[in-house]
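As structure tokens, the structure follows; a few thoughts come after it.
The values are calculated or read from the model by the stated rules, or taken from the named source; none is laboratory data. Just so we're clear, the structure is a prediction, and the values are computed from it rather than from any experiment. Positions of Cβ are backbone-derived with ideal geometry, glycine not excepted, and every protein chain shown enters the neighbour counts. Ligands, DNA and RNA are stripped out before the accessible areas are found, and what is left, the full protein with its side chains, is counted by its heavy atoms. Shrake-Rupley method; radii C 1.70, N 1.55, O 1.52, S 1.80 Å.
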Amino acid sequence: MSSFLAPIRMVGRGALQALTAVGRAGYLGTDAVRALRKVDLWGPHLVPQMSRIGVESVPIALFISMFTGVVLALQASYTLTGQVPLYFVGALVGKTMILELGPVLTGLALSGRVGANIAAEIGTMRVTEQIDALETLAYDPVAYLVTPRVLAGAIMFPMVVILSIAIGIAAGWGTSMALLDITSTEFIKGLRLFFDPWDIQFAAIKSITFGVTVTAVGCSFGFHTRGGAEGVGQATTRAVVISSMIILVLDAFWAAVLLS
Amino acid sequence: MSIKMVNVHRAFGEKEVLKGFSLEIQDGTTTTIIGGSGSGKSVALKHIVGLLRPDEGNIWVDEDNVSRLDQESVYRLRQRVGYVFQFAALFDSMTIAENVGLGLRRMSDFPSEGIPDRVEECLHLVDLDGYGERLPSQLSGGQRKRAGLARAIATKPKYILYDEPTTGLDPVTTAVIDELIVRMSEELGVTGVVISHDMKSVFRISDRVAMLYDGVIREEGTPDQIQGSDDPIVRGFIEGRPELMEGQQT
Amino acid sequence: MREGRELLVGFVIIAAVTAAVVGTLWLQGSNFGRPTTTVQTLLASVGQLTQGNAVTYRGVRIGTVEAIEVEPGGASVRVSLLLQENVGLPDDAAVVLGPESLFGAWQAEIVSRQNYPRYPFPELPAGTLPTGPHAVGPVIPGYALPELSRLTASAEEISLNVAELSERFEVAFNQETADNLTSAITNLEAITQEVRALVQTQSEVAGAIIANADSTLIEIVSAARAARNTFTRVDGLFEDTEIDSIVANISAVTADLALITEGLSGEDEGLAATLERADSAFTRVDRIAARIESGEGSLGRLLADSTLAVRAEEVLLQLDLLLQDVRENPRRYVRLSIF
Ligand SMILES: Nc1ncnc2c1ncn2[C@@H]1O[C@H](COP(=O)(O)OP(=O)(O)OP(=O)(O)O)[C@@H](O)[C@H]1O
Ligand SMILES: [Mg+2]
């Protein structure tokens, strides 16, 4: 193999690995859905997982979206000079927060926080044979470990995203009033100008798929971890990378499917 | 009723670990598998409970062909089998008591009020009284191993598979665990499969001994037969004399 | 521990759901369960009004557009407005649809009919009943304001008439006529300025207009040029004596002006005011005609006031500037689309 072809091969291998990862996560996700009927196995873990995946992610999500809101307001007012009235800052902050930045930034942040956490946890269980142990105790590890996490992700991601959106808009609003020459009334006027209730549903649908993606990919990489601590580290990194990629692809997909 | 492995082949990638592994384990007996590190003893044991599936060959537990069972039947089979992992494999998010009680909670015919008593009883058997509320990380390696043993016996399974239950324990605790394995067999009629490197233990607890070498069972017999074997590979192994094994590759 | 966790999860879910529901309602401009009433309006067209647009009364938001349906016969559109209950509407209430802002949605404004006599509200037969799922409350007439394309068409018409007018000025004046004309032209200047301002502020539908405007504007330019030539020729008017023909011509001018007034009526609120001023300007021209008819004054004094021609020039110059501006800064007149 000439060194000239090496980069091309690397690209090919990366793509294949990514596709394999997506396929595995898809399989595991389907298994997790099938395991939904084993309520006795996942039921007791749902609330703790919702707490871990959702509640504990609220602070970081709010932190991110708060600053996003501030930046959006400042950049909007910087861009909209001249003929465009300043209340457009409200429209821009609202629309961008709801449609794009709220779901995607939260999704990406949570793929780091939640996806990595799940991959590391399940990966460790894999390499220390805890998953095998579950199996020998007649516990279906998919129902016991994967289903509650995926379900919690599907339920809690939209919640976290909606709170992020609310905080982001509030931050943009506050910034507009405090730092820009925009009154509260003007900001709200802009906010309402292009508002469509469908936008909120769009954000919710998107974030449900992000939640399923992040948790399923995290679980999948955890499940397929090989080797010791190094394997766990690798699984964690890849889980974050792959789920971030899928989130961006899904984002484009939903925009194409639902907004056209 | 017994465990029967017939001509099992299993490879990991290029590496063939089991190459026609056959072994029959009679009910009520304790069989020990010996063999070099990395020879595939743990792999063979995992096939019995369906944690690994053979590339070729069959594994029978009672009348079930493990390699053909669907997932649900495998879970039902596993309720009859206890497994002691080589490295304990305790759930580190649970206390020792929760670990030991986990299998019991899965058994529909076991009343949940009875679980704490049973857990305590099992912890007492492995000499871990009072450790129930600790987390696995707060235990020593030997203690963890014993907790894993307690978890395996808690459901009173018909078969117990011990993967190196005494490796790393002090001589006194080793004797206690050996005693426990013998009692399980004699008092409860448990069929045991033990993997062990400790030859003293092996001959103390086993009804039969099988030596795994190069992916197959090299020799199988009573402890006396094995000790009196004239196969240089077997002799070399149990006497710890590698020079006997050299050049004997089949 | 476990209860605390359940509490937190429940809290987050409730907070998020509340934020979503309340936020949606708030952003939609919901009145959060305050008592409401429905008013329906019948009109020929709804322009760019859509469901959810604001309804205002005296500039205050008092409700939203709830439904828009074409009448079964297809002759008109029925718009249902959801209003706060406690707002007392005038007896002769009518609805005027128009753009809410430069860029945004349209709105429905509830007005008193008597304030907008020029608007062609449809006459509803007595006892017209509300229909459909919102069948409560009264039915009132409505009118949708024309869009910018029509406005520029009016500007074109004005400039054409100005050109024609100046052509006829060729014929006869005395000092008083000159004075009157001066003020008339000052008024025309004001008209032009206002038209210009109007065009500038009403450019929300300009997307499609640029092409339109271009051809329109070329016409305006040529009309203006013709007018300027005419005014130059006024310089040589001293010796003209055909008073009779002058009188006849001036009469024609006034008739024309009356036409202009009719043609422009009811274009827009701002335009209405403009037209009022134009009206008074035309009245003066009428008076000039009457004077000339009675033989008052002398034509020789017509150009004693040399500012007249200059003024007329200025008017046309301003029209020119406007056109130039539209050409060079089309963005100022084009809809800004961000999303
Ligand atoms: N999941 C796996 N993937 C790849 N290779 C494996 C896997 N499990 C076991 N092996 C390989 O199979 C061989 C046998 O492993 P096994 O764990 O059965 O050894 P062992 O006989 O139990 O050794 P020890 O006495 O040290 O426990 C080893 O070479 C190991 O590398
Ligand atoms: Mg082993």
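Amide H neighbours of residue B:29 under 5 Å, at least 5 residues apart or on other chains, H built in the peptide plane: list them.
The answer is B:192.
First measure r as the distance between the Cβ atoms of residue A:13 and residue A:100, then evaluate 1/(1 + (r/R0)^6) with R0 = 25 Å and state the FRET efficiency to the nearest 0.05.
Numbers: r = 32 Å, r/R0 = 1.27.
It comes to 0.20.
Counting only protein heavy atoms and using a 1.4 Å probe, what share of the accessible area of the stretch C:31-145 belongs to carbon plus sulfur, as a whole percent? Write down the numbers at each step before the final one.
Working: 2940 of 5520 Å².
Heavy-atom surface of the stretch C:31-145 belonging to carbon and sulfur, 1.4 Å probe: 53 percent.
What accessible area per residue, rounded to a whole number of Å², is obtained for the stretch C:31-145 using a probe radius of 1.4 Å?
Values: 5520 Å² over 115 residues.
Per-residue accessible area for the stretch C:31-145 comes out at 48 Å².
Residue A:95: which lysines have alpha carbons under 21 Å from its alpha carbon, excluding same-chain residues fewer than 8 sequence positions away?
Those lysines meeting the cut-off are A:189, A:206.
Could you sort C:116, A:78, A:87 by accessible area so the largest value comes first, with the probe set to 1.4 Å? Please report the intermediate quantities before stating the final value.
Details: C:116 40, A:78 180, A:87 20 Å².
Listed by decreasing accessible area, they come as A:78, C:116, A:87.
May I ask you to list the trypsin sites (Lys or Arg not before Pro) in the stretch B:68-105 that are in a DSSP loop and have at most 14 other Cβ atoms within 10 Å of their Cβ? Let's see the in-between values first.
Working: sites: B:68, B:76, B:78, B:80, B:105; in loops: B:80.
Qualifying residues, ordered by number: none.
Hydropathy at least -0.5 by Kyte-Doolittle, axial extent at least 30 angstrom from the Cα trace: which helices of chain A, defined as entire DSSP H runs, fit? It would help to have the intermediate numbers written out before the result.
On the way: long enough: A:6-34 (41 Å, 0.34); A:58-79 (31 Å, 1.64); A:147-179 (46 Å, 1.59); A:197-223 (39 Å, 1.00); A:229-258 (42 Å, 1.39).
Taking the DSSP H segments of chain A (at least 30 Å long, mean hydropathy at least -0.5), we get A:6-34, A:58-79, A:147-179, A:197-223, A:229-258.
Summing -39500 (n - 2.57) over the DSSP H runs of n ≥ 4 in chain B and dividing by its residue number, what mean residue ellipticity at 222 nm do you reach, to the nearest 500 deg cm²/dmol? Present the calculation step by step, with values, prior to reporting the outcome.
Details: 10 runs with 93 residues, N = 250.
The helix contribution divided over chain B gives -10500 deg cm²/dmol.
Per the 1.4 Å probe, what fraction of the accessible area of the stretch A:40-258, in percent, lies on carbon and sulfur atoms?
On the way: 5340 of 7660 Å².
Carbon and sulfur: 70 percent of the exposed surface of the stretch A:40-258.
How much accessible area does residue B:107 have with a 1.4 Å probe, in Å² rounded to the nearest 10?
Its accessible surface works out to 40 Å², give or take rounding.
Report the FRET efficiency, 1/(1 + (r/R0)^6), for residue B:15 and residue B:172, where r is their Cβ-Cβ distance and R0 is 56 Å, rounded to 0.05. Don't skip to the answer; put the middle values down first.
Numbers: r = 39 Å, r/R0 = 0.69.
My answer for the efficiency is 0.90.
Among DSSP beta bridges lying fully in the stretch C:31-145, give the percent that are antiparallel, nearest 5. Could the numbers behind the result be given before it?
Numbers: 26 of 36 bridges.
Percentage antiparallel, nearest 5: 70.
In Å², nearest 100, what accessible area do chains B and A bury in total when the solvent probe is 1.4 Å?
On the way: alone 11980 and 12910 Å², together 23140 Å².
Separately minus together, B and A give about 1800 Å² buried.
Among A:196, A:132, A:140, which one moves the most in a GNM of chain A with springs linking Cα atoms closer than 10 Å?
Between A:196, A:132, A:140, it is A:196 that shows the largest mean-square fluctuation.
Towards the positive end of the charge dipole of the stretch C:31-145, with charges on Cβ (+1 Lys, Arg; -1 Asp, Glu), say which of C:98, C:72, C:60 has the farthest Cα.
With unit charges placed on the Cβ atoms, the residue in question is C:60.
Taking the alpha-carbon distance from residue B:41 and a cut-off under 20 Å, which lysines remain once sequence neighbours fewer than 8 residues away in the same chain are dropped?
Reachable lysines: B:4, B:15, B:19, B:145, B:200.
Across the stretch B:234-240, in residue order, what do the Karplus-derived ³J(HN,Hα) couplings come to in whole Hz, using 6.51 cos²θ - 1.76 cosθ + 1.60 with θ = phi - 60° and x for Gly and Pro?
5, 4, x, 6, 6, 8, x
If R₀ is 25 angstrom, what is the calculated FRET efficiency for the pair residue A:20 and residue A:249, using the beta carbon separation as r and rounding to 0.05? Walk me through the intermediate numbers first.
Working: r = 16 Å, r/R0 = 0.63.
My answer for the efficiency is 0.95.
What do you reckon, how do A:16, A:74, A:62 stack up by accessible area (1.4 Å probe), largest on top?
Values: A:16 115, A:74 65, A:62 45 Å².
If we order A:16, A:74, A:62 from most to least accessible, we get A:16, A:74, A:62.
For the stretch A:40-258, build the charge dipole from Cβ charges (+1 Lys, Arg; -1 Asp, Glu) around the Cα centre, then report which of A:216, A:97, A:134 sits farthest towards its positive end.
Ranked along the dipole, the leading option is A:97.
Where does chain B land on the Kirkwood hydrodynamic radius, alpha-carbon pairs, in angstrom? Intermediate results must be reported in sequence, preceding the final value.
Numbers: mean 1/r = 0.0535 Å⁻¹.
By the Kirkwood definition, the hydrodynamic radius is 18.7 Å.
Tell me the per residue accessible area of chain A using a 1.4 Å probe; a whole number in Å² is fine.
42 Å²
How much accessible surface area, in Å² rounded to 10, belongs to the heavy atoms of residue A:66 with a 1.4 Å probe?
80 Å²
Rounded, prolate or oblate: which one fits the stretch A:19-69, using the alpha carbon gyration tensor with axes a ≥ b ≥ c (rounded when a/c is under 1.5, else prolate when a/b beats b/c, else oblate)?
Numbers: a/c = 4.51, a/b = 1.49, b/c = 3.04.
It comes out oblate by the Cα gyration axes.
Find the Cα radius of gyration of the stretch A:32-191, compare it with 2.2 N^0.38 Å by division, and give the number to two decimals.
Values: Rg = 20.9 Å, N = 160, 2.2 N^0.38 = 15.1 Å.
Rounded to two decimals, the normalised Rg is 1.38.
Trypsin sites (Lys or Arg not before Pro) within the stretch A:73-135: which are DSSP loop residues with at most 11 other Cβ atoms inside 10 Å? Working shown, then result.
Details: sites: A:95, A:113, A:126; in loops: none.
Hits after loop and neighbour filter: nothing returned.
Heavy-atom accessible surface, probe 1.4 Å, ligands and DNA/RNA ignored: which residues of the stretch A:176-197 lose at least 30 Å² versus the isolated chain?
For the stretch A:176-197, once contacts with the other chains are taken into account, A:191, A:192, A:193, A:194, A:195, A:197 lose 30 Å² or more.
Taking all protein chains together and a probe of 1.4 Å, list B:66, C:17 from the most accessible to the least accessible. Don't skip to the answer; put the middle values down first.
Values: B:66 5, C:17 70 Å².
From most exposed to least exposed: C:17, B:66.
Could you tell me which of rounded, prolate or oblate describes the stretch C:31-145, using a ≥ b ≥ c as the square roots of the eigenvalues of the alpha-carbon gyration tensor, with rounded for a/c under 1.5 and, failing that, prolate when a/b is larger than b/c and oblate otherwise? Walk me through the intermediate numbers first.
On the way: a/c = 1.22, a/b = 1.08, b/c = 1.13.
It is rounded, given that a/c, with a ≥ b ≥ c, falls under 1.5.
Any idea what the dipole of the stretch A:40-258 comes to, in debye rounded to 20, about its Cα centre with Lys/Arg Cβ at +1 and Asp/Glu Cβ at -1?
On the way: 10 positive and 14 negative charges, 68 e Å.
With only Lys, Arg, Asp and Glu charged at Cβ, the dipole is about 320 debye.
Carbon-plus-sulfur fraction of the accessible area of chain B, 1.4 Å probe, in percent?
47 percent
What figure in square angstrom, to the nearest 10, would you give for the accessible area of residue B:181 with a 1.4 Å probe?
0 Å²
For the pairing of chain A with chain C, what total accessible surface becomes buried, with a 1.4 angstrom probe, in square angstrom to the nearest 100?
On the way: alone 12910 and 17810 Å², together 28250 Å².
For A against C, buried area totals roughly 2500 Å².
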